[in-house]
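Everything below concerns the one structure shown next.
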Amino acid sequence: MTLDKIIVSLFSLAGIIFTYWFFLGKKEEKVREVKKSSVDIVVEGGYSPNIVSLPLGKTTVINFLRKDSNSCLEEVLLSDFHVRKYLPLNQKVAISIMPQKKGEFVYSCGMNMFHGKIVVK
Amino acid sequence: MTEIKKTFAVKGMHCASCVRVLERALQKIEGVSEANVNLATEKATVIYDSTKVTNKHLASAVAQVGYQAVVDDEMQHKDLEKKEKQKELQVLKKKVAISLFLGALILWGSFPGIMNTAPDLLKNFLVQLLLASVVQFWPGLDFYKATIPALKHRTANMDTLVAIGTTVAYGYSAFITIFPKIPQAIGVDSSPYFDVATIIIGLILLGRYFEAKAKAGTSEAIKKLLGLQAKTARVIRKGKEIDIPLAEVLVGDMIRVRPGEKIPVDGIIEEGNSSIDESMVTGESIPVDKTKGDYVIGATINKTGTFIYQAQKVGNETMLAQIIRLVEEAQGSKAPIQRLADLVSSYFVPVVIMLAFFTFAIWYIFGGESAFLFALLNTVAVLIIACPCAMGLATPTAIMVGTGKGAEQGILIRDAQSLEIAHKINAIIFDKTGTLTKGRPEITEIIPFIPGRKDAQNPQPIFNLSQKGLLQIAASIEKGSEHSLADAIVKKAEEQQLTLNKVENFKAITGFGVSGTIDEEEVLLGNRKLMQRENILIADHLKEIENLEDDGKTVMLLAVEKRLVGLIAVADLLKETAKETVKTLQKKGIETLMITGDNPRTANAIAAKVGIRRVLAEVLPDQKEAEVRKIQSEGKKVAMVGDGINDAPALAAADIGIAMGTGTDVAIEAADITLINKDLQTVVSAIELSKKTMRIIKLNLFWAFAYNIILIPVAMGILYPFFHLLLNPIFASLAMATSSISVVTNSLLLKRYKI
């Protein structure tokens, strides 16, 4: 095997390892505990904060503000709470939810590419 | 900052000071720059930063000072959505046109075979670089804008793949155009591939354009339902008729509806009568005649007469609002079948990127003379052909169309899970009263035991009652009863304008009948058990009684002074479509059962009439749930069809609870599927809808998975060793663009199905 082929092989292997680590490796997840009755989530290449912790049995208003023009993010789907909502660009959309049980509830964009999480304690 | 202006109605204002209080409250909200309140029109106009202020903030500020803001949230949200999408589509159209036009020019100047006919200008690599840069950084900018923030979150999506793929093709081409000597020195191909980058962007955006157009069709049902609402109502206030916006109608308002007009809100007719077309809400095609005391549904159309009715439910309480809420909730839920697609989606894009690295290495090592070229183009093809969107769209688009289609037919499905389970149902239990029958018992026979008939106890009958005489006594004694059978008897007597006798010592004997005294003679009216208890002989008429019971009728025996004088047979007539519905379900291999509190003889007779072979008779209301569980324990997927109010526990216990002929809160809460109309055929329609939706979902998922499983290896070049076939990245982008469109279009086919 020539040197260039060895370099390409090593480069590709490093690329594969990096991709796995970057996208699928364990990420440090910061949980934003919501103490007020509302929380703002910015929609831009994902959801920030990505994980919010809500109290059980209390109504919390989640204000989604989409700043990303990507059409993938134009809808948010909180399937555990039976909510699918269109998010107009640069406008807050308030979604009220009252968690009835404890657990982790993943929500996503309409095409299920981007994910956020609601933790109910 | 995005400033918008909104005008909304405010209820409860009565003086100029209210205006000041409201304006101050609204101006206090952070993000509101201006607030004006008009007492005459009872409206507030607010200019605010939509990134900071929501309708909820406005409504809450108004509520805090004691008024009510009528912010037409849903309709405005939908209008906004429509406008934004139209705007996005216009921009997208422009980008598609530019990319494909410039891409075609580059292709003309670079593609072997046709480049000879192109002007020299287009063959110039620097000109191609210029044209490709326009596409890469204007229409193609969307892919970068989506990729960069996603990478910050360490996530990737389809845009990431397109951004990487086109950047590789464009970047390599730009490099060798600017530094042509470097590739020549290292012995790699020195032809640029600007056409690949630009046409991929053009075709993917074209696919996205058609996909967005098709996707708009999947959520049409909600818009249609919202569009059913009347805009105004003609209310009578202080003796005057005035037209007011729908949002301002209050409970208790008297509303006039003229022929051809939409009924604004739900209420009860106080004056007049008419024929009303309720098809848009209940799915029932035949107009319903309504008169004083009848309930009318908002958004239905008044056909012939004029009437005045009192508003009972307004705003979010109306039946239409409940239907919209239910459909929205169903569309926001996830079907269990989607789980696999969800799992695959979460790993998909990173795995494709890893495969792209692998493809590059393999082709570079084993690609022979043109190894670099093969490695480059196949890597781009792998990145471009992968389509996670088709997997993401496969289930939700079908659920959205399916639940919307159901709502149009008066079938309200609680969530995607219910829609999925409904197609597995293999046993349906029908409640008898009000479900298989009309729920309105009617008298079918009045038989006085005529004089001369042999009576073992008294060979010389002392009574000589006519049918009218018998009905008169029965109605007199039943007047004080609340039983539904009593209603039928009293109603019949009223129809015949009979004068009722005075009854003394009235007594209702639960489970038996009633007793009392008329003209100092003891009268008993009830079932056979009552006669046995009072030692009244019925043996001579037993055959007659049994014949009637065998015919599915409830027999009520009348005795005066301890002697049987006649009988009244009452039947709850079967719904016209009952027999046909049962037959259709049985043909589909679904077992049909009937559950009732009736005695087995009557129950079996009714069941036989509709063709039901398995009967659960003499079941008290609180035992229905246990009966449902018994059938489930036989390994069956059970649907229970009932009225949703009395049967709530049984509906909840069944795999699928179907509430029929009602749109009440209780029914909707207890049921997985609510059928607004009373036509039994809708049960078949609901199951058919579920089957068809599931068929579409399975086809979509199969297509989405098969597409990726087959075409990604093809793009990697798996066919090359056998057939010398490679996938051009341009064809890869064409395939990718059509794959999501095909999934959405397939879901839209549900709209065409007749259910």
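A short reminder: the numbers here are calculations on the coordinates, not readings from a lab. On a predicted model such as this, the values are computed, not experimentally measured, just so you know. Glycine gets a Cβ as well: all are built from the backbone with ideal geometry, and neighbour counts include every protein chain shown.
When B:LYS553, B:LYS630, B:LYS43 are sorted by how many other C-beta atoms sit within 10 angstrom of their C-beta, beginning with the fewest, the order is B:LYS630, B:LYS43, B:LYS553.
Per-residue Cβ neighbour counts within 10 Å put B:HIS57, B:HIS483 in the sequence B:HIS483, B:HIS57, beginning with the fewest. Between B:ILE709 and B:ASN124, residue separation times 0.36 nm minus the direct Cα-Cα distance comes to 206.7 nm. Rounded to the nearest 10 degrees, the inclination of helix B:484-495 to the longest alpha-carbon principal axis of chain B is 70 degrees. Distance between the 7 Å Cα→Cβ label points at A:LYS58 and B:ARG695: 5.1 nm.
Inter-label distance, B:ILE178 to B:ILE4: 4.3 nm, where each label sits 7 Å from its Cα along the C-beta direction.
Rg and Dmax of the protein assembly as shown, both derived from C-alpha coordinates alone, stand at 35.8, 130 Å. Take the Cβ atoms of B:ASN273 and B:GLN68, set R0 to 45 Å, and the FRET efficiency comes out at 0.85. Beta bridges from DSSP with both residues in the protein assembly as shown: antiparallel share about 75 percent, rounded to the nearest 5. Calculated FRET efficiency, A:ASP4 and B:LYS83, Cβ-Cβ r, R0 60 Å, to nearest 0.05? The formula returns an efficiency of 0.65 here. Helical runs (DSSP H, four residues minimum) scored at -39500 (n - 2.57) apiece and divided by the length of the protein assembly as shown put the mean residue ellipticity at 222 nm at -14500 deg cm²/dmol.
Legend: mean number of C-beta atoms from other chains within 10 angstrom of residue C-beta atoms, peptide B:326-339, equals 3. Spatially, segment B:122-187 and segment B:512-548 are offset by 95 Å when compared through their Cα centroids.
Roughly how tilted is helix B:388-408, in degrees to the nearest 10 and between 0 and 90, from the longest Cα axis of chain B? Helix B:388-408 and the main axis of chain B meet at about 30 degrees. When B:VAL349, B:VAL265 are arranged by Cβ crowding within 10 Å, least crowded first, meaning fewest neighbours, the order is B:VAL349, B:VAL265. Taken along its three principal axes, the alpha carbon spread of segment A:31-120 comes to 33, 22, 21 Å, from the longest extent down to the shortest.
Each Lys and Arg contributes +1 and each Asp and Glu -1, all at the Cβ; summed about the Cα centre of chain B, the dipole is approximately 1880 debye.
For peptide A:95-108, what's the mean number of Cβ atoms from other chains within 10 Å of each residue's Cβ? Please list the in-between numbers first.
Numbers: counts 3, 1, 0, 0, 0, 0, 0, 0, 0, 0, 0, 2, 0, 5.
Mean shielding count: 1.
Structure remark: mean-square fluctuation, Gaussian network model of chain A, C-alpha springs under 10 Å; the largest value among A:TYR20, A:TYR107, A:TYR47 belongs to A:TYR20. Within straight-line reach of B:LYS587, meaning a Cα separation under 17 Å, sit the following aspartates and glutamates at least 8 residues removed in sequence or on another chain: B:GLU688.
Between B:LEU749 and B:LYS424, with labels modelled 7 Å along Cα→Cβ, what's the label distance in nm to one decimal, could you check? Those two pseudo-labels are separated by 2.5 nm.
For segment A:19-34 versus segment B:668-687, the spacing of their alpha-carbon centroids is 45 Å. Computed over chain B, the P(r) curve from all C-alpha pair distances, binned at 20 Å from the origin, holds 13, 31, 29, 17, 7, 2, 0 percent per bin.
Mean partner shielding of peptide A:7-14, defined as the number of other chain Cβ atoms within 10 Å of each residue Cβ, is 5.
Taking R0 as 51 Å, what FRET efficiency do you get between B:GLN632 and B:GLU544 from their Cβ-Cβ distance, rounded to the nearest 0.05? Don't skip to the end; give the middle numbers.
Working: r = 41 Å, r/R0 = 0.80.
Calculated value: 0.80.
The string of couplings for segment B:218-225 from the Karplus curve (6.51, -1.76, 1.60, θ = phi - 60°) is 6, 10, 5, 4, 5, 4, 4, 5 Hz, one whole number per residue in order, with x for Gly and Pro. Between their Cα atoms, which of A:LYS101/B:LYS52; A:LYS27/B:LYS152; A:LYS121/B:LYS152; B:LYS6/B:LYS82 are more than 21 Å away from each other? Flagged as over cut-off: A:LYS101/B:LYS52; A:LYS121/B:LYS152. Full extension of the chain between B:GLU522 and B:VAL251 gives 92.6 nm of extra length, using 0.36 nm per residue less the Cα-Cα distance. For segment B:497-502, backbone phi angles converted through the Karplus equation (6.51, -1.76, 1.60; θ = phi - 60°) give residue-by-residue couplings of 6, 7, 8, 8, 7, 7 Hz, Gly and Pro being listed as x.
Each Cα pair under 8 Å and six or more residues apart adds its sequence gap; the mean of these over the residue count of chain B is a relative contact order of 12 percent.
Taking the DSSP bridge list for segment A:31-120 and keeping only pairs wholly inside it, about 60 percent are antiparallel.
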